[in-house]
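Nothing in this text is a laboratory measurement; each read-out follows from the coordinates by a stated rule. Predicted model, so just to flag it, every value in this text is computed and none were measured. Cβ placement follows ideal geometry from the backbone for every residue including glycine, while neighbour counts extend to all protein chains displayed.
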Amino acid sequence: MANKREGKIRAGIVGATGYAGAEIARLLAMHPDVEIAWLGSRSYAGKAFGSLFGNLYQIVDLDCIDDDTERLKATIAQLAEETRTDVIFTATPQGACMQLVSEELLSRTKVIDMSADFRLKNVDIYQKWYKIEHTAQQFLDEAVYGLCELAADRVKDARLLANPGCYTTCSILTAYPLVKEGMIDPNTLIVDALSGVSGAGRGAKVANLYCEVNESAKAYGVASHRHTPEIEEQLGYACGSDITITFTPHLVPMNRGILVTAYAELFSKADGTLPTEEEILAVYRKYYGDKHFIRVLPAGSCPDTRCVEGSNYVDICAKPDYRTGRVIMMGALDNLMKGAASQAVQNMNIMFGLPEDAGIGFIPANP
């Protein structure tokens, strides 16, 4: 059973001054059932959090503690106990959370990791794609992949949760129903994904400067992006076999948002004809019709990132292309929200027996 508790949930954030960490802090500051116990930052230790993020000035009244990984890994379990922390969000680069997690820590608090350290079950694949030795392999089987709409039953009992990222969340949810129902050949799946610049993180990089990004769009990580095996693994579970896909991400000049357009060959029905648009959308409604944060759009619609901005919603639609025998699947979400922070809070809600939309039920802002 999920862990229901009296009083407010006390949360800590490692890496609170990155985009995802700061967004988690913003959401928790508004959450009726949560209080922030501490905020960690290696770069801004000792600084008032509200002085770093003007939107949270006089709202989050805490100074950042030093969360340097080398120092914190020896003290984080003690910190969790002394501060009565119920859940820790680790909004850190790959390789950090695996150094912090221990049986001692998980016996005291739950951990929701925003990196890929515990997303992939095959350690060889992780080490191949991320070029990092995995030092906490003993927790890989236990870690729950927290794609809320597909794994709520496992999430509710999790001690260690791997929060999916933006590309993977949008790509998997967009294709999952048709893969699960065997309506498409998953080995023909091609995913083109567009991301806002905040998806690259808050660190200073020349490639992310305004003059480098504005009035431009480009592909990157072509045939090599490290989210590819994560999408393959999760959709492989859906169809019951290993699959290979083509995934190409693109950077576009907007602050936030993910738009996925995916293509795959449709299987014919028993009578030799291809499924109609309504039959395809009926499959999406079968899987997502009762999911609060997934909106299956009407036939002929195309998801639009501005219609999910600032929210935990995912908009999805699909259309058959009878000329080619393929289906075009489309999905949109906010990369900092459902693609990171609000999905992490949604997972926390499930873990503690709260309504899934507690603290994250915002209507998208438009414009």
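Values as computed for the structure displayed
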read-out: Burial ordering of Asp321, Asp315, fewest other beta-carbon atoms within 10 Å first; value: Asp321, Asp315
read-out: Protection proxy ranking, peptides 33-44, 219-230, average beta carbon neighbours within 10 Å, highest first; value: 33-44, 219-230
read-out: C-alpha center-to-center spacing [segment 282-304, segment 233-255] in angstrom; value: 19 Å
read-out: Dipole axis of the chain (+1 Lys, Arg; -1 Asp, Glu on Cβ), positive-most option in Leu62, Thr75, Thr188; value: Leu62
read-out: Dipole magnitude of the chain about its Cα centre (Cβ charges: Lys, Arg +1; Asp, Glu -1), debye to nearest 20; value: 340 debye
read-out: Cα centroid of segment 56-89 to Cα centroid of segment 146-222, whole Å; value: 28 Å
read-out: Segment 99-129-segment 310-328 distance, computed between alpha-carbon centres (Å); value: 33 Å
read-out: For segment 167-333, fraction of C-alpha pairs farther apart than 23 Å, in %; value: 40 percent
read-out: Choice from Val191, Val252, Val144 with maximal GNM fluctuation in the chain (Cα, 10 Å cutoff); value: Val252
read-out: Translational diffusion coefficient (Stokes-Einstein; Kirkwood radius from C-alpha pairs) of the chain at 10 °C, 1.306 mPa s, in µm²/s; value: 76 µm²/s
read-out: Förster-model FRET efficiency, 35 Å R0, Glu279 and Arg306, C-beta, rounded to 0.05; value: 0.75
read-out: Nonlocal amide H pairs with Asn312, under 5 Å, H built at 1.01 Å; value: Phe362
read-out: Charged-residue dipole, Cβ positions (Lys, Arg, Asp, Glu), segment 167-333 about Cα centre, Debye nearest 20; value: 420 debye
read-out: Where only alpha carbons of segment 123-209 are counted, the Rg and the Dmax (Å); value: 16.2, 44
read-out: Kyte-Doolittle at least -0.5, axis length at least 20 Å by Cα - qualifying DSSP helices, the chain; value: 166-180
read-out: Residue order, fewest to most beta carbons within 10 Å, for Asp66, Asp117, Asp153, Asp86; value: Asp153, Asp66, Asp86, Asp117
read-out: Long-range amide H partners of Lys110 with built H, under 5 Å; value: Val87, Ile88
